[in-house]
Amino acid sequence: MKLSHFNFDLPKELLAEYPSENRDEARLMVLNRKDQTIEHKQFKDLIDYFEPNDVMVLNNTKVFPARLYGNKEKTGARIEVFLLRELNSETRLWDVLVDPARKIRIGNKLYFGDDESLVAEVIDNTTSRGRTLRFLYDGSYDEFRQKLTDLGETPLPKYIKREAEPEDEERYQTIYAKNEGAVAAPTAGLHFSKHLMKRLEIKGVDFAEITLHVGLGTFNPVEVEDLSKHKMDSEEAYITAQATSTINKGIQNKQRICAVGTTVMRALESSVSSDKTLNEFRGWTNKFIFPPYDFSIANSMITNFHTPKSTLLMMVSAFAGHDFIKEAYEEAVKEKYQFYSYGDAMLIL
């Protein structure tokens with residue numbers, strides 16, 4: 001399939017700037033692949049579609065406050081620094097994006113905080129906006145990380161035009177977030193409330209947690225018409241023995257295995273054994289899933305409504321069928337579903 005197959009008109013008023021007041025009361029569109037039917041529900045209704053011993057696979061990555069604002073030495077120009085990944089904890093080297101990039105050259109120093117207690121030196125250029133920074137800080141590693149947390153703010157997606165608010169720190173995090181390392185939330189999971197999780201647990205649904213640290217590469221635009229030429233950025237993922245055991249037991253017993261989000265689906269499909277079960281995994285994945293694709297582990301998924309021409313939309317189309325997803329998205333626009341991170345959700349069975 002070509003890039004142009006994944007384009008559609010999305011009215012601006014359907015971009016969700018804020019989440020539902022109650023996490024589990026977002027709207028839920030339920031797609032049944034077998035019957036080719038579409039239902040309109042609330043997210044908390046998804047409990048009706050699962051039975052005891054079905055498995056929900058969650059991404060327990062935790063978003064860290066990756067957006068910093070500093071000032072350039074001498075000129076005092078305000079520079080946005082987006083922390084991407086830590087390269088070396090001892091020397092405090094980080095891969096970052098800077099904006100405006102044209103002002104930032106190797107050797108420049110940036111000062112952070114009112115007291116300028118955190119300083120960074122530009123060591124290298126990586127991409128057009130990418131730089132390698134060495135942070136200079138008088139204190140232990142733990143104190144340094146705390147300083148980054150204190151100075152950073154929640155990195156809301158670019159399409160949300162408003163400023164980040166203190167509430168975003170909590171609402172742009174899943175309730176089961178544990179392992180810090182993502183620069184964006186695995187957004188399908190934002191709809192789960194503690195109450196809904198408890199109800200699912202009481203019903204007998206099993207949970208398996210994996211970790212995939214979402215990077216900005218997930219949101220990189222696809223710029224080639226031939227999808228096989230697109231290269232995904234690598235993201236760090238971990239699948240433990242415990243998660244593997246729970247999921248494989250579900251596969252063996254022909255239960256429903258539900259990937260909560262595209263990040264979970266990508267991690268699962270990155271570690272499939274020859275007999276179509278799941279292996280433990282610790283490493284990096286640049287798996288790019290687009291139609292046609294034969295999925296091995298999950299037989300259902302929860303996802304949000306995604307941007308035109310995005311790799312996320314391509315994966316969902318591969319799972320549900322391109323024509324069915326096209327029909328569902330046309331219905332979503334007509335019914336005024338909210339799109340993207342804080343938007344509404346879709347359950348594909």
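The values are calculated or read from the model by the stated rules, or taken from the named source; none is laboratory data. Here the structure is a predicted model, which means the values were calculated and not measured. As a convention, Cβ positions derive from the backbone with ideal geometry for all residues, glycine included, and neighbour counts pool all protein chains shown. Ligands, DNA and RNA are stripped out before the accessible areas are found, and what is left, the full protein with its side chains, is counted by its heavy atoms. Shrake-Rupley method; radii C 1.70, N 1.55, O 1.52, S 1.80 Å.
Quick look at the values:
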{"item": "Share of carbon and sulfur in the accessible heavy-atom surface of the range 36-84 [1.4 Å probe, %]", "result": "42"}
{"item": "Length released on extending from Asp275 to Val224, taking residue separation times 0.36 nm less the Cα-Cα span", "result": "15.0 nm"}
{"item": "Portion, in percent, of the accessible area of the range 145-214 that falls on carbon or sulfur, probe 1.4 Å", "result": "49"}
{"item": "Solvent-accessible area, 1.4 Å probe, carbon plus sulfur percent, for the range 277-349", "result": "45"}
{"item": "Note, ³J(HN,Hα) from phi for the range 229-243, Karplus 6.51, -1.76, 1.60, rounded to Hz, x at Gly and Pro", "result": "8, 6, 10, 7, 5, 7, 10, 7, 9, 9, 10, 7, 4, 5, 5"}
{"item": "Mean separation of Cα contacts under 8 Å, 6 or more apart, over the residue count of the chain: relative contact order %", "result": "25"}
{"item": "Sequence-separation-based contact order of the range 232-317, relative, with Cα cut under 8 Å and 6+ spacing, percent", "result": "38"}
{"item": "For the chain, accessible area per residue (1.4 Å probe, heavy atoms of protein chains only), Å²", "result": "47"}
{"item": "Structure-based [θ]222 nm, the chain - -39500 (n - 2.57) summed over DSSP H runs of at least 4, per residue, nearest 500", "result": "-5500 deg cm²/dmol"}
{"item": "Unsatisfied cross-links (Cα-Cα over 20 Å) in the set Lys41/Lys334; Lys229/Lys326; Lys2/Lys229; Lys103/Lys161", "result": "Lys229/Lys326; Lys103/Lys161"}
{"item": "Ranked packing of 204-210, 343-349, most packed first, by mean Cβ within 10 Å", "result": "343-349, 204-210"}
{"item": "Set of lysines with alpha-carbon distance to Lys194 below 16 Å, sequence-local pairs under 8 removed", "result": "Lys44, Lys178, Lys203"}
{"item": "Charge dipole of the chain about the Cα centre (unit charges at C-beta), most positive-ward option of Val205, Ile302, Met1", "result": "Met1"}
{"item": "Spin-label pair Arg162/Asp115, simplified geometry with 7 Å Cα→Cβ offset, distance in nm", "result": "3.3"}
{"item": "Protection-proxy order for peptides 56-63, 251-258, each taking the mean of Cβ atoms within 10 Å per residue, highest first", "result": "56-63, 251-258"}
{"item": "For the chain, share of DSSP beta bridges that run antiparallel, in % to the nearest 5", "result": "70"}
{"item": "Calculated Rg and Dmax of the Cα atoms in Å (choose from (1) 25.3, 87; (2) 19.5, 67; (3) 20.8, 66), label", "result": "(3)"}
